[in-house]
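The structure under discussion appears below in the form of structure tokens.
The values are calculated or read from the model by the stated rules, or taken from the named source; none is laboratory data. These numbers were taken from a predicted model, which means no experiment stands behind them. Cβ: placed from backbone, ideal geometry, glycine included. Neighbour counts: every protein chain shown. Surface accessibility is based on the protein's heavy atoms, side chains included, excluding ligands, DNA and RNA. Shrake-Rupley method; radii C 1.70, N 1.55, O 1.52, S 1.80 Å.
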Amino acid sequence: MTAAAAFFYMFASVTVASAVMVIASRNPVHSVLFLILAFVNAAGLFLLLGAEFLAMILVVVYVGAVAVLFLFVVMMLDVDFAELRQGFLQYLPIGLIIGFIFLVQLALVVGAWTIDPGALKATGSPIPADLTNTEALGRVLYTKYVYWFQSAGLVLLVAMIGAIVLTLRHKEGVKRQNIADQVARTKATAMEVKKVPSRAGV
């Protein structure tokens, strides 16, 4: 067995075991920690494939931001998970039926799945020696898949705006800045000149 194969089996086994522990752990904090471990080992698999940029993005974005945010939220909310699990047994038969259906579907897909030899040749084309992995990925994203890339960005933008609109709450009695009114104001609306009699001022 070569060193690359040994590292592959090590990273793959730890990733699968961590993913199982994410859903099997009773403590939600432990689940998030196992999720971080799964992300790190998945980054190791990307390194073995020569995709160091994707491995870095996985560690920096998902481990450094998303998973840590999950961990902080779970720790700060202090949710009573024992209370949430009280109605677990009444939904267990439905969950088992749905899980059995998913297993049957996966078995049918795996049993009828074949690998096209041409697909392996298409995906296995080497990166030119004068290009880094990041540059090659950028050329593909901004040339061949530029419309799909921009569409994904637009979907994320709409999702962000929707989340802000749904969670924004205006409090009554709070003065807020109106940029349109400030820009459109004139001299007559901006100030008021009053004639103050002599010795009647402040």
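If you line up the Cα atoms of the chain on their principal axes, what length do they span on each, largest first, in Å?
101, 59, 31
Relative to the compact-globule scaling 2.2 N^0.38 Å, provide the ratio for the alpha-carbon radius of gyration of the stretch 151-202.
Rounded to two decimals, the normalised Rg is 2.20.
With everything on Cα atoms, drop me the angle between helix 28-48 and the longest principal axis of the chain, reported from 0 to 90° to the nearest 10.
With both axes taken from Cα atoms, the answer is about 60 degrees.
Once you charge only the Cβ atoms, +1 for Lys and Arg and -1 for Asp and Glu, what is the size of the charge dipole of the chain about its Cα centre, to the nearest 20 debye? Show your work: numbers first, answer last.
On the way: 14 positive and 10 negative charges, 269 e Å.
My answer is approximately 1300 debye.
Please state the relative contact order of the chain as a whole percent: Cα pairs under 8 Å, 6+ residues apart? Walk me through the numbers before you get to the answer.
Working: 74 pairs, mean separation 25.5, N = 202.
Reported as a whole number, the value is 13 percent.
Work out the charge dipole of the chain with +1 on the Cβ of Lys and Arg and -1 on the Cβ of Asp and Glu about the Cα centre, then indicate which of MET56, VAL73, LEU168 is farthest towards its positive end.
Of MET56, VAL73, LEU168, it is LEU168.
With labels modelled as points extended 7 Å from the Cα through the Cβ direction, what inter-label distance (nm, one decimal) is found for LYS171 paired with MET21?
Each label point is offset 7 Å from its Cα along the Cβ direction, giving 4.4 nm.
As I understand it, the value is the acute angle between the Cα axis of helix 3-24 and the longest principal axis of the Cα atoms of the chain; what does it come to in degrees, rounded to 10?
60 degrees
Pop out the carbon and sulfur fraction of the accessible area of the chain as a percent, whole number, probe 1.4 Å. Don't jump to the answer; show the numbers that get you there.
Details: 12170 of 17160 Å².
Summing carbon and sulfur atoms, their accessible area is 71 percent of the total for the chain.
Can you show me the helix-derived [θ] at 222 nm for the chain, built from DSSP H runs with n ≥ 4 at -39,500 (n - 2.57) apiece and divided by the number of residues, rounded to the nearest 500.
Values: 11 runs with 129 residues, N = 202.
For the chain, the value works out to -19500 deg cm²/dmol.
Please check the chain for the longest run free of trypsin sites (Lys or Arg not before Pro) that are loop-located per DSSP (anything but H, G, I, E, B) and have at most 13 other Cβ atoms within 10 Å.
27-168
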